[in-house]
Amino acid sequence: MAERNTTKRRRKTARKRSSSRKTPRRWSARVTRTSNALDLEPGVFQRSARGVALSLKRSAERSRRRKADPYRSALSMLTFYINRAGKNLSAERKRTLMRAKVELRKLFQRGGGD
């Protein structure tokens, strides 16, 4: 009978590579600040739903660097902010920003706004 090797082999598992950076890169914050599509007013996402929508509409209509129509640019920036803020948004703030989407639809006279 052949002798079995009783030593257990350790399986190599994928390890996360440790980053040489001490602070992680915040690419989403940089995009929000320095977007090439819209020149956002300071504190735009801290306003009321109507205030956010009006500010994004104004920024989208003034911008000549955007690739899409003003409505799509404004909605994209708002959605980007909501998605990137993620768990850091309070439930109340998220509701306000979701209402801002409805306000944008109304301001641009698109369907879907009640």
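The values are calculated or read from the model by the stated rules, or taken from the named source; none is laboratory data. All of these numbers come straight from a predicted model, not from anything done at the bench. Ideal geometry is used to build each Cβ from the backbone, glycine not excepted, and the neighbour counts take in all protein chains shown.
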Which of the residues belonging to the range 32-91 are in a loop (DSSP other than H, G, I, E, B) and of a type in the set (Lys, Arg)?
-> Arg47, Arg64, Arg65, Arg66, Lys67
Among the residues of the range 44-54, which ones are out of contact with any Ser or Thr (no Cβ under 6 Å at 6 or more places or on another chain) and crowded, with 20+ Cβ neighbours inside 10 Å?
-> Phe45, Val52, Ala53
Of all residues in the range 21-52, how many are at pLDDT below 75, polar (S, T, N, Q) and out of contact with any helix residue (DSSP H, G or I) (no Cβ under 8 Å at 6 or more places or on another chain)?
-> 3
Residue hits (the range 38-91; farther than 19 Å from Phe108 by Cβ, within 15 Å of the chain's Cα centre (by Cα) and not small (Gly, Ala, Ser)) are Gln46, Asn83, Arg84, Lys87, Asn88, Leu89
Over the range 86-114, the set of residues in contact (Cβ under 8 Å) with a residue 40 or more places away in the chain and among the small types (Gly, Ala, Ser) is Ala100
Of all residues in the range 57-114 being of a type in the set (Lys, Arg) and touching a Gly at 6+ places or on another chain (Cβ under 9 Å), which is nearest to Arg47 (Cα to Cα)?
-> Lys101
Does the range 59-73 contain any residue that is surrounded by 15 or more Cβ atoms within 10 Å (Cβ to Cβ), within 28 Å of Glu92 (Cβ to Cβ) and modelled with pLDDT under 80?
-> no
Is there any pair with a first residue in the range 73-84 that is touching a residue at least 12 places away in the same chain (Cβ under 8 Å) and a second that is of a type in the set (Phe, Trp, Tyr) whose Cβ atoms are under 7 Å apart and which are 6 or more apart or on different chains, and what are they?
-> Tyr81/Phe45
